[in-house]
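Colleague: Okay, here's the structure, questions in a sec.
Each value in this text was obtained by applying a stated rule to the coordinates, not by laboratory testing. The model shown is predicted, which means the values in this text are computed figures rather than measured ones. Heads up, the Cβs are rebuilt from the backbone with ideal geometry, glycines too, and the neighbour counts pull from every protein chain shown.
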């Protein structure tokens with residue numbers, strides 16, 4: 001039976017379904033892209049990036065290392081005025097069922113000169129010479145072979161379409177998040193001194209696929225935080241180094257671990273962040289518990305004012321005020337980021353884009369925020385978790401879970 | 001010597017030497033092409049040039065200048081906000097930070113000594129935005145396609161690179177063993193994918209070349225090569241393709257075998273296995289220095305099998321590399337001594353299922369050196385060696 005997690009929450013007057021309707025989701029995304037092509041006077045999109053192809057077509061492809069993913073990449077061509085995208089892919093078993101047969105084609109291999117004329121021929125079938133085409137990457141073979149068009153960045157079309165999620169997309173992100181959290185429970189239950197970081201990866205990766213995930217997205221991070229900034233890795237800005245990549249490091253009693261992982265389920269990313277303590281019987285010290293409470297207070301302060309119409313700047317200011325005036329996030333990151341077919345996308349709150357940018361970034365129903373403030377207590381490491389919420393018509397709904405073991409449960 | 005832990009005498013892969021030799025090869029191809037600067041965005045090229053252990057993500061990501069190589073100073077500048085995972089030959093002053101505002105990234109690039117003074121700059125890809133950025137940063141820039149240069153440098157494998165590929169191959173074979181162990185009627189493809197990842201991650205190599213490592217083939221109806229692990233349970237007697245890979249320090253190894261779920265293969269499955277065995281032996285026979293991709297296509301044709309549904313071969317090094325011989329591509333691609341190729345044969349028969357064999361080979365003057373060792377025959381057969 002479907003779980004009622006969204007309650008009465010609505011996006012644009014529509015209830016958030018317990019489970020996403022993927023056919024409707026893909027049709028709605030296509031309509032949003034088409035609306036942007038229309039308003040931005042762009043004739044077509046040519047998309048090569050994995051997250052963008054998934055967004056435009058819903059095509060599934062196996063999780064792959066970048067070299068293979070690049071060479072065998074599916075390519076999307078979206079033509080203004082058409083109701084469906086064109087998909088060029090070798091991964092025929094990942095093609096959405098509703099995509100018409102005349103919109104599904106063999107792979108184009110845009111990295112290779114050999115056969116690039118097929119790409120040119122395909123493009124000429126879809127758009128006329130002189131067409132304005134948005135593109136997310138131009139390989140040199142493409143630059144040589146695809147002339148006679150006016151190329152522009154696809155990011156304006158995609159960014160505007162992606163930032164507002166439909167109710168189905170929010171449900172899909174929540175499904176990915178839920179699955180990630182269930183798998184993380186198995187890893188956390190196993191955590192004890194003597195385990196390696198990669199042992200935790202082994203447990204997590206096995207579990208996500210047993211639970212039915214469609215792909216993993218990043219090498220899971222289990223960073224052991226040095227008690228002081230100075231003892232951690234050197235950084236160019238003097239702030240903490242995070243996230244650093246996983247090794248076979250053996251975990252020891254009392255190690256404070258910042259966990260960060262994400263999968264890609266049905267094309268949607270999850271983002272799991274928690275602080276764990278390495279011990280057979282982990283129990284936070286009072287000082288550590290205070291860090292968690294402060295982290296909770298920072299997220300609460302932002303969530304308390306979160307509703308349509310609030311600016312990113314106001315959210316950042318609320319978070320800073322709750323941390324006694326100290327910015328509670330990392331220099332190279334943000335208080336919060338969006339998530340969708342990419343693991344970090346707009347809206348970004350508190351980046352080097354600056355206050356003027358944040359003041360102009362206004363929360364709207366359908367935006368998704370991953371809050372990831374950092375509370376640092378130099379000498380005693382610190383606390384970091386991630387809360388995923390979606391902005392609804394009247395406020396927000398939580399997409400991530402409420403367990404923060406071993407620091408407790410919070411709503 | 002295919003373990004992953006350091007040895008006190010300094011055996012196995014000498015990573016310092018490996019990185020030095022890669023840099024040398026990179027500067028050589030830059031010199032040959034008259035390039036003063038390389039701006040690299042492809043993760044494998046960045047890894048090749050910098051040798052840094054950076055966060056691994058799946059998928060293909062649009063170009064951004066993640067590493068900048070300056071020929072005059074012989075320096076590799078890397079986008080990294082910290083020095084953890086960065087080798088010592090890249091100094092702290094050679095790092096530039098992660099920014100969300102492109103103006104800040106551009107300011108960081110501008111400070112790289114030797115960049116704005118350059119003329120011939122190679123990139124491994126572009127976007128309209130970064131094309132404009134580079135033209136603004138470097139007045140009178142001549143943008144050059146550096147992808148073939150990187151491919152040429154990477155194609156030649158040093159002894160340390162071969163050793164890393166052998167370690168990765170042994171990890172992949174461990175992943176195969178884990179899936180063989182877990183394979184039984186009633187298990188799902190995704191659970192087998194999970195068992196594979198658990199095994200390679202447990203050995204310290206959690207990032208796979210691909211999650212496309214397992215599919216069961218149907219005993220009724222048309223049989224096609226599949227890429228995505230499904231949630232359907234595998235049935236008794238089905239032929240199941242197990243195609244795991246692994247990455248060690250970025251270098252890829254891989255193997256594919258086909259096994260029967262529950263019990264011994266049927267006579268029809270044995271016949272299909274024989275066909276596959278003959279096909280891959282024919283392909284391997286064509287893998288020799290001086291041959292071209294067309295020789296592999298001809299070899300396949302000579303087997304009498306229908307036209308291949310998947311690639312016959314691709315290069316392997318820091319992940320998948322050129323050449324690609326398949327999907328009509330690569331007929332002119334030349335095989336050179338020392339190249340490492342993943343070679344595969346896929347055959348199918350309606351009513352029986354499908355059968356895949358994949359081997360990793362190193363090209364020599366005569367027969368290629370086989371880097372994969374897993375037994376081709378079924379485990380529960382008397383002989384571990386394949387006897388057609």
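Colleague: Could you tell me which of rounded, prolate or oblate describes the stretch A:345-389, using a ≥ b ≥ c as the square roots of the eigenvalues of the alpha-carbon gyration tensor, with rounded for a/c under 1.5 and, failing that, prolate when a/b is larger than b/c and oblate otherwise?
Modeller: It is oblate, given that a/c is not under 1.5 and a/b is not larger than b/c.
Colleague: Cα atoms only, the stretch B:1-55: Rg and Dmax in Å?
Modeller: Cα-based Rg and Dmax for the stretch B:1-55 come out at 14.2, 42 Å.
Colleague: Right, another one. Regarding the stretch A:57-155, what are the three Cα extents along the principal axes, ordered largest first, in Å?
Modeller: 34, 32, 26
Colleague: Using a ≥ b ≥ c from the Cα gyration tensor of the stretch A:253-364 (square roots of the eigenvalues), is it rounded, prolate or oblate, where a/c under 1.5 gives rounded and otherwise the larger of a/b and b/c decides, a/b for prolate?
Modeller: Here the stretch A:253-364 falls in the oblate category.
Colleague: When the distances between all Cα atoms of the stretch B:203-244 are binned every 10 Å from zero, what whole-number percent does each bin get?
Modeller: 25, 50, 19, 6, 0
Colleague: Another one. Once both labels are modelled 7 Å past Cα along the beta-carbon direction, what's the residue A:300-residue A:14 spacing in nm?
Modeller: Distance between label points: 3.5 nm.
Colleague: Right, something else. Within 10 Å of each Cβ of B:307-314, how many other protein chain Cβ atoms are there on average?
Modeller: Mean partner shielding for this stretch: 1.
Colleague: Sticking with this structure for a sec: Run the simple label-point estimate for residue A:21 and residue A:279 please: 7 Å along Cα→C-beta, distance reported in nm.
Modeller: Label at residue A:21, label at residue A:279, 5.0 nm between them.
Colleague: Using Cβ contacts closer than 10 Å as the measure, can you line up B:5, B:179, A:346 from fewest to most?
Modeller: Ranking B:5, B:179, A:346 by Cβ neighbours within 10 Å, fewest first, gives B:5, A:346, B:179.
Colleague: Mean 1/r over all different Cα pairs, inverted: what Kirkwood radius does the stretch B:126-209 give, in Å?
Modeller: Evaluated on the stretch B:126-209, it is 16.7 Å.
Colleague: Translational diffusion coefficient of the stretch A:166-320 at 10 °C, 1.306 mPa s, Stokes-Einstein with Kirkwood Rh over Cα pairs, in µm²/s as a whole number.
Modeller: Approximately 92 µm²/s, per Stokes-Einstein.
Colleague: Further question: Of A:325, A:338, A:401, which is the most mobile in a GNM of chain A whose springs link Cα atoms less than 10 angstrom apart?
Modeller: Result: A:325 has the largest fluctuation of those listed.
Colleague: Quick check on the stretch A:174-260: what are the equivalent-ellipsoid semi-axes from the Cα gyration tensor, as sqrt(5λ), descending, whole Å?
Modeller: 26, 16, 10
Colleague: What ranking do B:52-58, B:99-105, A:198-204 get when scored by the average of other Cβ atoms within 10 Å per residue, highest first?
Modeller: Ranked by mean Cβ neighbours within 10 Å, highest first: A:198-204, B:52-58, B:99-105.
Colleague: Same structure, new question: Rounding to the nearest 10 and keeping the result within 0 to 90°, find how far the Cα-based axis of helix B:293-302 lies from the longest principal axis of chain B.
Modeller: Around 10 degrees separate the two axes.
Colleague: If you don't mind, there's one more thing I want to ask. Using helices alone, I'd like the mean residue ellipticity at 222 nm for chain A: each DSSP H run of four-plus residues gives -39500 (n - 2.57), total over residue count, nearest 500.
Modeller: Helices in chain A give a 222 nm mean residue ellipticity of -10000 deg cm²/dmol.
Colleague: Per the Debye formula with a single identical scatterer at each Cα and no solvent contribution, what log10 I(q)/I(0) holds for the stretch A:369-411 at q = 0.17, 0.22, 0.33, 0.34 Å⁻¹?
Modeller: One equal scatterer on each Cα of the stretch A:369-411 leads to -0.58, -0.83, -1.14, -1.16.
Colleague: Counting only Cα atoms, I'd like the Rg/Rh figure for chain B, Kirkwood definition for Rh.
Modeller: 1.01
Colleague: Same structure, new question: Take the alpha-carbon centre of the stretch A:1-54, take the same for the stretch A:80-144, and report the distance between them in whole Å.
Modeller: That distance is 21 Å.
Colleague: Here is a follow-up. Quick one: grab the alpha carbon gyration tensor of the stretch B:236-291, order the square roots of its eigenvalues as a ≥ b ≥ c, and give me rounded if a/c is under 1.5, else prolate or oblate depending on whether a/b is larger than b/c.
Modeller: In terms of gyration-tensor shape, oblate.
Colleague: Now, a different point. Measure nothing fancy, just the Cα-based angle from helix B:267-285's long axis to the longest principal axis of chain B, in degrees from 0 to 90, nearest 10.
Modeller: 40 degrees
Colleague: On to the next question. Send over the Kirkwood Rh of the stretch A:65-219, from the inverse of the averaged 1/r over different Cα pairs, rounded to one decimal Å.
Modeller: Hydrodynamic radius (Kirkwood, Cα only) of the stretch A:65-219 equals 18.8 Å.
Colleague: Measure of size requested: the Rg and Dmax of the stretch B:1-143, with Cα atoms as the atom set and Å as the unit; please supply both.
Modeller: Taking only Cα atoms of the stretch B:1-143, I get Rg and Dmax of 15.9, 52 Å.
Colleague: Would you calculate the volume per residue, in Å³, of the smallest convex hull containing every Cα atom of the stretch A:1-132?
Modeller: 137 Å³
Colleague: Most exposed first by the Cβ proxy, i.e. fewest other Cβ within 10 Å, how do A:188, A:24 rank?
Modeller: Sorted ascending by nearby Cβ count, the order is A:24, A:188.
Colleague: Rg and Dmax of chain A, Cα atoms, in Å?
Modeller: 22.2, 68
Colleague: Still on this structure, I have one more. What Kirkwood Rh does the stretch B:279-387 have if only Cα atoms enter the pairwise 1/r average? Answer in Å.
Modeller: Value: 14.4 Å, from the Cα pair sum.
Colleague: Right, here's the next one. Quickly work out the residue A:124-to-residue B:31 label distance, labels modelled 7 Å from Cα along the C-beta direction, and quote it in nm with one decimal.
Modeller: 4.3 nm
Colleague: Also: Find the eigenvalues of the gyration tensor of the Cα atoms of the stretch A:1-79, then list the square roots of 5 times those eigenvalues as equivalent ellipsoid semi-axes, largest first, in whole angstrom.
Modeller: 28, 20, 8
Colleague: In what sequence, highest mean first, do A:83-95, A:300-312 appear when ranked by Cβ atoms within 10 angstrom?
Modeller: Highest-to-lowest ranking by the protection proxy: A:83-95, A:300-312.
Colleague: Would you mind calculating the gained length between residue B:74 and residue B:236 on full extension (0.36 nm times residue separation, minus the Cα-Cα distance), in nm to one decimal?
Modeller: 52.4 nm
Colleague: If you average over every viewing direction, what projected area does the convex hull of the Cα atoms of the protein assembly as shown give, in nm²?
Modeller: Across all orientations, the protein assembly as shown yields a mean hull projection of 32.6 nm².
Colleague: In addition: Test of understanding: ordering A:287, A:296 by Cβ neighbours within 10 Å, fewest first, what list do you get?
Modeller: A:287, A:296
Colleague: Hey, another quick one. Taking beta carbons within 10 Å but only from partner chains, what does the mean come to for residues B:223-233?
Modeller: Whole-number average of other-chain Cβ neighbours for B:223-233 is 4.
Colleague: Please give the direction-averaged projected area of the C-alpha convex hull for the stretch A:245-284, in square nanometres with one decimal.
Modeller: 3.9 nm²
Colleague: On to the next question. For chain B, what does the helix formula give at 222 nm: sum of -39500 (n - 2.57) over DSSP H segments with n ≥ 4, over the residue count, nearest 500 deg cm²/dmol?
Modeller: Calculated at 222 nm, the ellipticity per residue is -10000 deg cm²/dmol.
Colleague: Kirkwood Rh over Cα pairs of the stretch B:167-260 into Stokes-Einstein at 10 °C, 1.306 mPa s: D in µm²/s?
Modeller: Estimated via Stokes-Einstein, D reaches 122 µm²/s.
Colleague: Follow-up question, since we're still on this one. Averaged across orientations, what area in nm² does the convex hull of the alpha carbons in the stretch A:310-411 project?
Modeller: With every direction weighted equally, the projected area is 7.2 nm².
Colleague: Quick one: angle between helix B:159-182 and the longest Cα principal axis of chain B, in degrees between 0 and 90, rounded to 10, please.
Modeller: Approximately 40 degrees, to the nearest 10.
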